[in-house]
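Coordinate-derived values only; no laboratory data. The shown structure was predicted, so the numbers you read here are calculated from the model rather than taken from an experiment. So basically every Cβ, Gly included, is an ideal-geometry build from the backbone, and we count neighbours across all protein chains shown.
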Amino acid sequence: MSLKKQLCIGLTLVPSKKDKENLHIDDNKIYSGIDEQIELAQRAEKAKLDFVFKADYLVAHPDLIVRNKGSVILDPTLLFAAIARETQKIGVVTTASTSFNPPYILARQLQSLNWISNGRAGWNIVTSINGAENFGNAMMPSSEERYAKAAECTELVRKLWKSHPYEVLGVDSADAAEVIREMIQPIDHEGEFFHVKGPLNVPAHFSGTMPLFQAGASESGRNFAASVADAIFAATPDIESGIELCKDLRKRAQQNGRQPDAIRVLPGLYFFIGDTYEEAQEMYRQAHQHLTVERRYALVEMVLGLNLRGLSLKEKVTAGILPDANQSVRSKTHADLLRRFIIKNEPTVEQLLERPEVIGSAHWVAVGTPQEVFHQIMERFEAGALHGFIAIPGGPPKSLDLFFSDVIPLFVEAGVFRKDYTGSTLCEHLGIFKE
Ligand SMILES: Cc1cc2nc3c(=O)[nH]c(=O)nc-3n(C[C@H](O)[C@H](O)[C@H](O)COP(=O)(O)O)c2cc1C
């Protein structure tokens, strides 16, 4: 009997409600929320998930601070180093920007995380939507320039990883320094954005290549993903956008001489799970009630450059009032998804202000009982709209409890998710076998 196609499941580490209640400053001990993050990673490992994950931004944004409910937003690579020592099997996928980090530092930190976790590290490559002001640039470079830099940076990081083979660790002879000098070779990279001699000062991990994730699905983003990514963290608010992205990446992967399924499409899945649909719906409502109408207008403006304040809530938003498609936006992925929804549906302003493209970073939202959420995910899996998902827990702790206690076991029962780990590295969990 052949094994059914398997889902790949990651979990975004979010602060638990407990964090806020426990937030205290006493005896000079400031609470960071790290213990809860470790505990959450351990629960994800107990459920045999593929990896834990964290997005990251290099700005202090009030919205992000609010979303983190009073716990400290730590550098994800450092956080995952701590988590890796408290877990044994689960992958740790950190986010790091190619627009602002020097490739040598990236290569070194990521390979260090790979050693600290014993081959469980993954890198989510982002080109960033903001933060230029913190790195000496007045404005963000264009999306195309950021991707050109990302391509060179990623190639360079991989060359650096190769420049210092793990076999160096086994050298034990009188002329060890001579032998090692032969084994670690400079890469002498001279590119458009970077000049790096190498070699790297951390050896490659013996588990092989590190899985590369990518986020950003404009034309340039997809081409970049097709050339290097093993997985894409996707924003696909509806089934059609998921099917389109999967088909498109299959084609692009093949055009790059890769296997059609080389790029796993993993949409963010913002979930609210209750004992009844009504309870889950109420969780969803409460999670968004802090977003005033003014805040929602501001979000539309930020994503699309469209000011809706002059229209009444009952008025329709039509293609005719959309700004020029070629104007500069923070993220083409997010702007295009919102534009597409408006053109296809002509929603009222009120309807638009409820959409995930406006209030949820365009992530797919699943609301319901464990059975209902399971069916919503299976529908997309069977329709070819995803290879798995990166869960983003929403609502109170009960929602996450039900995800672990009821939803994951339904996948196992359906034969589309593992009962236990069969490997110990992230490559093995994801079924990546190369070099
Ligand atoms: C689903 C998704 C998640 C993203 N996560 C991050 C992130 O954690 N940090 C970050 O700086 N940028 C993040 N980005 C921004 C992208 O890296 C990219 O800069 C942006 O989307 C512009 O690329 P595009 O033109 O392909 O959309 C994300 C984008 C998407 C679509």
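How would you classify the range 65-157 from its alpha-carbon gyration tensor, with a ≥ b ≥ c the square roots of the eigenvalues: rounded for a/c under 1.5, else prolate if a/b is greater than b/c, otherwise oblate?
Verdict is oblate for the range 65-157.
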Original post:
Within straight cross-link reach of Lys419, meaning Cα distance under 17 Å, which aspartates and glutamates are found once same-chain residues fewer than 8 apart are removed?
Top reply: Glu45, Asp50, Asp406, Glu428
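Near Thr348, within a Cβ-to-Cβ distance under 12 Å, what is the net charge of the other residues, with Lys and Arg +1 and Asp and Glu -1? All intermediate terms of the calculation are to be shown ahead of the outcome.
Working: positive: Lys314, Lys316, Arg355; negative: Glu315, Glu346, Glu350, Glu354.
Net charge around Thr348: -1.
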Original post:
the range 115-189 to the range 303-339: how many Å between their Cα centroids?
Top reply: 38 Å
Original post:
Cα centroids of the range 362-435 and the range 236-269: how far apart, whole angstrom?
Top reply: 18 Å
Subject >> Calculated from backbone phi, Karplus (6.51, -1.76, 1.60) coupling profile of the range 357-374 in Hz, x at Gly/Pro >> reply: 5, 9, 9, x, 6, 6, 7, 5, 10, 10, 10, x, 6, x, 4, 5, 5, 4
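What does the C-alpha gyration tensor say about the overall shape of the chain? Classify as rounded when a/c is under 1.5, otherwise prolate if a/b is larger than b/c, or oblate. Walk me through the numbers before you get to the answer.
Numbers: a/c = 1.57, a/b = 1.35, b/c = 1.16.
Since a/c reaches 1.5 and a/b is larger than b/c, the shape of the chain is classed as prolate.
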**OP:** Under 1.5 on a/c is rounded, so check that first for the range 277-361, then, if it is not, pick prolate when a/b is larger than b/c and oblate when it is not; a ≥ b ≥ c are the square roots of the alpha carbon gyration tensor eigenvalues.
**Re:** prolate
Original post:
In terms of Cα to Cα distance under 20 Å, which aspartates and glutamates are near enough to Lys197, apart from those fewer than 8 places away along the same chain?
Top reply: Glu152, Glu155, Glu178, Glu182, Asp188
Original post:
Among Glu152, Glu45, Glu382, whose mean-square fluctuation peaks in a Gaussian network model of the chain (Cα, cutoff 10 Å)?
Top reply: Glu382
Subject >> Entries in Lys46/Lys89; Lys48/Lys89; Lys54/Lys247; Lys5/Lys54 that, when Cα-Cα distance is taken, lie over 18 Å >> reply: Lys54/Lys247; Lys5/Lys54
**OP:** Based on other C-beta atoms within 10 Å, arrange Phe193, Phe411, Phe53 from fewest to most.
**Re:** Phe193, Phe411, Phe53
**OP:** Treating only the Cβ atoms of Lys and Arg (+1) and Asp and Glu (-1) as charged, compute the dipole magnitude of the range 276-317 about its Cα centre; round to the nearest 20 debye.
**Re:** 240 debye
Original post:
Could you put Thr236, Thr276, Thr425 in order, starting from the residue whose Cβ has the fewest other Cβ atoms within 10 Å?
Top reply: Thr276, Thr425, Thr236
